[in-house]
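Worksheet: the structure to be examined is printed underneath.
The values are calculated or read from the model by the stated rules, or taken from the named source; none is laboratory data. What you are looking at is a predicted structure, and each value in this text was computed from that prediction instead of being measured. Neighbour counts are summed over all protein chains in view; Cβ atoms, including those assigned to glycine, are modelled from backbone coordinates with ideal geometry.
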Amino acid sequence: MDMEQQKQRIAVFGAGGHGKVVVDAIECTAGLTVACVVDDRPLAGATLLGHPLAGGREVLLARRDEIDGVIVAIGDNRARAAAARWLGEHGLTLVCVVHPAAVVARSARIGAGTLIMPGAVVNAEARIGENTIINSGAIVEHDCDIEAAVHVAPGAVLCGGATVGAGTLVGAGAVVLPGVCIGPGCLVKAGTIVIRDMEADA
Ligand SMILES: CC(C)(COP(=O)(O)OP(=O)(O)OC[C@H]1O[C@@H](n2cnc3c(N)ncnc32)[C@H](O)[C@@H]1OP(=O)(O)O)[C@@H](O)C(=O)NCCC(=O)NCCS
């Protein structure tokens, strides 16, 4: 069997800007290859980093024998969570993608469908839920607890023991101080410093 055949074949669901970085991360990772790029509304003849776009999502069901797993490449937290639910309901397997230039502690736990981008650091005993994005250069320190469908945007820093509820966006360059608890469905503005807990949907 040649090397290409041994690679895990990943379908990318979502062909916008976020889809582009997910395709790149897969192509940078030994042992992974892009099986197909699927979008609900692909433009006729369009490609993403050289991959022709297919759609809608039913293509994933028709091609299930050609793929080993799927990652949802949609930046919006709610839309990503909904797409992941649909995939689960249809028996498709969600996979994690960890860019080789990310640093992830051996004791960190990462949920299915989560993406860790280049330059990100996930430190000891951090826990990250399913379908979350830890974006480029973000830092998730030791013992942080991040729930599902969160987006930690580029350059954001979560200090040790911080917690983030499901569906929250931590904006680019934000800093969350040690042990601070951010509820589900929150929006942390880019560049802000979170010094105390945030209630749900704040
Ligand atoms: C907070 C945010 C959602 C506001 O967006 P918006 O609703 O379009 O707001 P506006 O740009 O109209 O700004 C509204 C007010 O908030 C202020 N504001 C906007 N973003 C701010 C920020 N990050 N920090 C402080 N103030 C901010 C504006 O200056 C404006 O103030 P004013 O009314 O006194 O003039 C947006 O600026 C933000 O931080 N988004 C996060 C983006 C991000 O990190 N995405 C991840 C991409 S990978």
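Brief remarks follow.
- Qualifying residue in region 18-27 (condition: surrounded by fewer than 14 Cβ atoms within 10 Å (Cβ to Cβ) and either out of contact with any Ser or Thr (no Cβ under 8 Å at 6 or more places or on another chain) or over 20 Å from residue 66 (Cα atoms) (or both)): no
- Selection over region 50-75 of residues that are buried (at least 16 other Cβ atoms within 10 Å of the Cβ) and outside any strand (DSSP E or B) gives a count of 8.
- Unique match (being part of a loop (DSSP other than H, G, I, E, B) and either farther than 13 Å from residue 131 by Cβ or not aromatic (Phe, Trp, Tyr) (or both)) among 112, 81: 112
- Candidate set: region 179-189, residues that are touching a strand residue (DSSP E or B) at 6+ places or on another chain (Cβ under 9 Å) and assigned to a loop (DSSP other than H, G, I, E, B); chosen: the one nearest to the ligand (Cβ to nearest atom): 186
- When 180, 170 are checked against the criterion of being under 19 Å from the mean Cα position of the chain (by Cα) and in the same structural domain as residue 113 (by TED's automatic domain parsing), a single residue qualifies: 170.
- From the options 57, 64, residue that is touching a helix residue (DSSP H, G or I) at 6+ places or on another chain (Cβ under 9 Å), among the charged types (D, E, K, R) and not assigned by TED's automatic domain parsing to the domain that holds residue 193: 57
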